[in-house]
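Read through the structure below, which is laid out as structure tokens, and then see the notes.
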Ligand code: NAD
């Protein structure tokens with residue numbers, strides 16, 4: 001089977017880290033009985049420059065037809081003053097919307113070699129392996145009304161609307177429970193049922209889905225503010241955390257910080273499976289376009305490369321190949337290779353390409 005992959009490098013360091021991912025793809029097609037057909041297209045600021053829009057219909061058509069999309073990053077100061085609908089980030093939002101990517105998976109993994117890079121004590125983060133499952137297409141970022149109005153007394157009034165339906169909660173809960181079955185079989189569901197009715201419905205629906213379909217997974221409920229606190233107090237108590245769009249945005253950034261560098265962390269966004277089991281998916285590093293280091297060969301490619309490992313696991317069902325890639329990254333870090341963002345005393349400082357060279361060598365060694 002040949003997998004059809006769309007590469008969307010985007011802006012800033014996006015093209016640099018996706019080029020390294022492409023080399024890893026090359027290693028897998030040469031060594032692991034996997035065939036890829038790749039095409040590339042523009043997204044974000046570069047798409048606006050070329051086509052006048054951050055995402056074109058032609059690009060979206062390719063994304064809809066692909067087995068998986070590998071995304072770099074978008075944005076930069078050059079486009080900060082554009083009207084909202086033309087901003088580079090709208091390219092990513094359109095992809096998420098049109099592909100129906102309602103589940104965002106963000107692992108927070110602490111590699112042993114990097115346990116000293118966290119702002120928490122090493123013993124608190126060593127061996128950390130949690131997965132945050134964030135609802136991505138509903139909630140307060142999309143609910144209507146969403147407006148700023150003028151009041152008769154001259155004040156302004158701003159409204160965002162937090163809204164969730166049973167179906168939206170059911171489908172994200174199922175994703176979290178299914179993933180927990182492949183891991184530690186524990187799900188913590190975070191909401192604010194003490195003060196928000198969406199939280200009350202969230203808790204009710206997650207409990208129902210659990211009791212009916214996933215009784216073998218341990219479910220606990222936690223208020224989102226307490227969850228934020230527990231993540232810095234004792235993050236290893238968690239396995240999978242499932243939460244809504246807003247709380248997921250905040251909690252997943254917090255969890256990312258636990259592991260040291262933003263240049264290390266991958267993510268996956270998944271949609272609903274169709275009748276043939278095909279599932280739209282997009283994989284991206286969680287970092288942005290890092291304009292401060294773009295074009296200098298300094299970017300850490302690991303977040304993008306580990307996003308491809310997630311693609312192997314979730315889109316292609318190649319769990320062993322995904323684990324091999326994660327082990328290769330672990331080996332390279334243990335051998336002391338560091339890009340600038342994760343540099344520590346006594347280690348070997350390398351740039352973007354040399355880090356990938358080391359990962360490819362580790363793949364050779366581990367698979368040979
Ligand atoms: P950023 O993640 O781009 O950078 C934050 C800091 O981390 C910078 O100092 C950067 O140099 C460093 N960094 C990030 N990735 C790195 C890597 N792989 N290797 C080494 N260092 C790395 O966040 P920002 O500075 O807030 O945003 C810059 C631009 O990116 C903005 O236009 C923003 O809108 C956009 N952005 C895009 C995405 C996305 O495409 N998904 C996400 C976040 C931000």
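Of note:
- Residue count for segment 97-116, restricted to those that are closer than 28 Å to residue 65 by Cβ and either without any contact (Cβ under 8 Å) to a residue 60 or more places away in the chain or assigned to a helix (DSSP H, G or I) (or both): 2
- Taken together, the criteria exclude residue 56 from residues that are touching a residue at least 12 places away in the same chain (Cβ under 8 Å) and in contact with a strand residue (DSSP E or B) (Cβ under 9 Å, 6 or more places away or on another chain).
- Top-ranked residue of segment 151-168 - restricted to ones that are in contact (Cβ under 8 Å) with a residue 40 or more places away in the chain and within 14 Å of residue 203 (Cα to Cα), ranked as nearest to the chain's Cα centre (by Cα): 168
- Extreme residue, nearest to the ligand (Cβ to nearest atom), among residues of segment 289-319 that are part of a loop (DSSP other than H, G, I, E, B) and under 15 Å from the mean Cα position of the chain (by Cα): 289
- Those residues of segment 118-134 which are within 12 Å of residue 261 (Cβ to Cβ) and more than 21 Å from the chain's Cα centre (by Cα), in sequence order: 119
- Qualifying residue in segment 269-284 (condition: near the ligand (Cβ under 8 Å from one of its atoms), crowded, with 23+ Cβ neighbours inside 10 Å and in contact (Cβ under 8 Å) with a residue 60 or more places away in the chain): yes
- Of all residues in segment 327-350, those being part of a loop (DSSP other than H, G, I, E, B) and either under 23 Å from the mean Cα position of the chain (by Cα) or free of Cβ contacts under 8 Å to residues at least 12 places away in the same chain (or both) number 5.
- Screening segment 24-51 for residues that are under 21 Å from the mean Cα position of the chain (by Cα), surrounded by fewer than 23 Cβ atoms within 10 Å (Cβ to Cβ) and part of a helix (DSSP H, G or I) and picking the one that is nearest to the ligand (Cβ to nearest atom) gives 24.
- Subset tally (residues that are within 11 Å of the ligand (Cβ to nearest atom), assigned to a helix (DSSP H, G or I) and under 17 Å from the mean Cα position of the chain (by Cα)) for segment 4-18: 2
- Considering segment 86-96, the residues that are touching a residue at least 12 places away in the same chain (Cβ under 8 Å) and out of contact with any helix residue (DSSP H, G or I) (no Cβ under 8 Å at 6 or more places or on another chain) include one that is surrounded by the fewest Cβ atoms within 10 Å (Cβ to Cβ), namely 89.
- Taking strands (runs of 3 or more DSSP E) as the structural unit, those lying wholly within segment 117-227 and holding at least 3 residues that are buried (at least 16 other Cβ atoms within 10 Å of the Cβ) correspond to 129-135, 186-191, 218-223.
- Condition check for residue 317: surrounded by fewer than 18 Cβ atoms within 10 Å (Cβ to Cβ) and within 20 Å of residue 35 (Cα to Cα): yes
- Qualifying residue in segment 109-129 (condition: modelled with pLDDT of 95 or more and in contact with a strand residue (DSSP E or B) (Cβ under 6 Å, 6 or more places away or on another chain)): no
- With respect to the conditions (1) farther than 30 Å from residue 4 by Cα; (2) more than 16 Å from the ligand (Cβ to nearest atom); (3) loosely packed, with under 13 Cβ neighbours inside 10 Å, residue 77 falls short on a single one, namely (2).
- For segment 64-85, filtering for residues that are touching a strand residue (DSSP E or B) at 6+ places or on another chain (Cβ under 9 Å) and not in a loop (DSSP other than H, G, I, E, B) leaves 7.
- Among the residues of segment 232-268, those identified as within 13 Å of the ligand (Cβ to nearest atom), farther than 18 Å from residue 308 by Cβ and outside any loop (DSSP other than H, G, I, E, B) are 249, 252, 253, 256, 257.
- Residue satisfying all of: in segment 228-237; in contact with a helix residue (DSSP H, G or I) (Cβ under 7 Å, 6 or more places away or on another chain) and free of Cβ contacts under 8 Å to residues at least 24 places away in the same chain; surrounded by the most Cβ atoms within 10 Å (Cβ to Cβ) among these: 230
The values are calculated or read from the model by the stated rules, or taken from the named source; none is laboratory data. In this text the structure is predicted, and so the values were computed from the model without any measurement. In this analysis, Cβ positions are derived from the backbone assuming ideal geometry, glycine residues included, and neighbour counts consider all displayed protein chains.
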